[in-house]
Amino acid sequence: MGNESGEWIMYGVDWNDPECIHTVEEAIEYINEIGFLPLFKNVIPGFSLEERTVPDYWWCDDPEKDPWLWRAIIAGRHDIVYDKFFDKKAGFISKKWFPVFANYRRDGYDFDALYEDGKAPVRHKKIMDNFIEDNINNEIYSCDLKKMAGFGKDGEKGFDGAITNLMMQMYLCNCDFRKRINKKGLEYGWDVAVYSSPEHIYGYDYVTSCYSENPQDSWKRIADYMHDVYPVANEKQIKKVLG
């Protein structure tokens, strides 16, 4: 997605193009095949869901055709993780590749150890304290999490930035998009992002299964794979999007 002369432009393919992804099931199959994929166009040509879908169907509100709705469906299924993983922008990482990214991006640290070593700010800890392993509230609406972590008018600032940084470090992800529930138990309003930890979705042992590997070796696996599947991408582009 680009902005040309103040107008947002979607890039993609025709419905009959052999590279076109037509359904959410095809999107899931493709993401699992590739391993990881940004949602929108970026500096690596062809490396996005946007560029393999029909531009006119974005935000058409038809779950059969709308890739914007597919992202919510994919997030809720949990066989692929969705969030701001690519240069602080949205995208998908398959279950297979998640531990590799987690080891590299976390530099082998669980969050508590990261904080104890002085490598994470207090505002990040206030968010992550709500996702401790034995906490029954492991899936939290974004609006509720903001209050629970003490952000707001008279509290901590920079909630959205903190969330994005924790996503980039692979400590948080979108586990679903849901409507809120009122006191009568009825749904209302727009769908809201629901956050969780990857450990809640896949289990601690799986998420940390690459911790025995040097984080730079994990990065080499990612970069080498990108050179194989997207040979058009250079080192600078790969580092920008995936680093």
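The values are calculated or read from the model by the stated rules, or taken from the named source; none is laboratory data. Worth saying up front: this structure is predicted, and the values here are computed from it rather than measured. Because the Cβ atoms are built from the backbone with ideal geometry, glycine has one as well, and the counts that use them run over all protein chains shown. Note: areas computed on protein heavy atoms with side chains; ligands, DNA, RNA excluded. Shrake-Rupley method; radii C 1.70, N 1.55, O 1.52, S 1.80 Å.
Filtered by the rule that a residue be out of contact with any Phe, Trp or Tyr (no Cβ under 6 Å at 6 or more places or on another chain), part of a helix (DSSP H, G or I) and either of a type in the set (Gly, Ala, Ser) or buried (at least 16 other Cβ atoms within 10 Å of the Cβ) (or both), the range 213-242 gives Arg221, Ile222, Ala223, Tyr225, Met226, Gln237, Ile238, Leu242.
Report, by residue number, each residue of the range 35-53 that is open to solvent by 20 Å² or more (accessible area, probe 1.4 Å) and either of a type outside the set (A, V, I, L, M, F, W, C) or closer than 20 Å to Ile80 by Cβ (or both). Of everything in the range 35-53, those that are open to solvent by 20 Å² or more (accessible area, probe 1.4 Å) and either of a type outside the set (A, V, I, L, M, F, W, C) or closer than 20 Å to Ile80 by Cβ (or both) turn out to be Phe40, Lys41, Asn42, Pro45, Gly46, Glu51, Arg52. Please tell me if Cys210 is surrounded by 20 or more Cβ atoms within 10 Å (Cβ to Cβ), more than 17 Å from the chain's Cα centre (by Cα) and in contact (Cβ under 8 Å) with a residue 12 or more places away in the chain. Taking the combined requirement at face value, the residue satisfies it.
When Ala102 is tested against the conditions (1) surrounded by fewer than 22 Cβ atoms within 10 Å (Cβ to Cβ); (2) assigned to a helix (DSSP H, G or I), the lone failure is (1).
Restricting attention to the range 57-78, the residues being open to solvent by 40 Å² or more (accessible area, probe 1.4 Å), modelled with pLDDT of 95 or more and outside any loop (DSSP other than H, G, I, E, B) number 4.
Of the residues making up the range 136-166, just one is farther than 16 Å from Val192 by Cβ, polar (S, T, N, Q), open to solvent by less than 30 Å² (accessible area, probe 1.4 Å) and part of a helix (DSSP H, G or I), namely Thr164. On the stretch given as the range 169-194, residues that are closer than 21 Å to Asp112 by Cα and open to solvent by 30 Å² or more (accessible area, probe 1.4 Å) total 1. For the range 51-106, the set of residues classified as farther than 28 Å from Gln169 by Cβ and of a type in the set (Val, Ile, Thr) consists of Thr53, Val54, listed by residue number.
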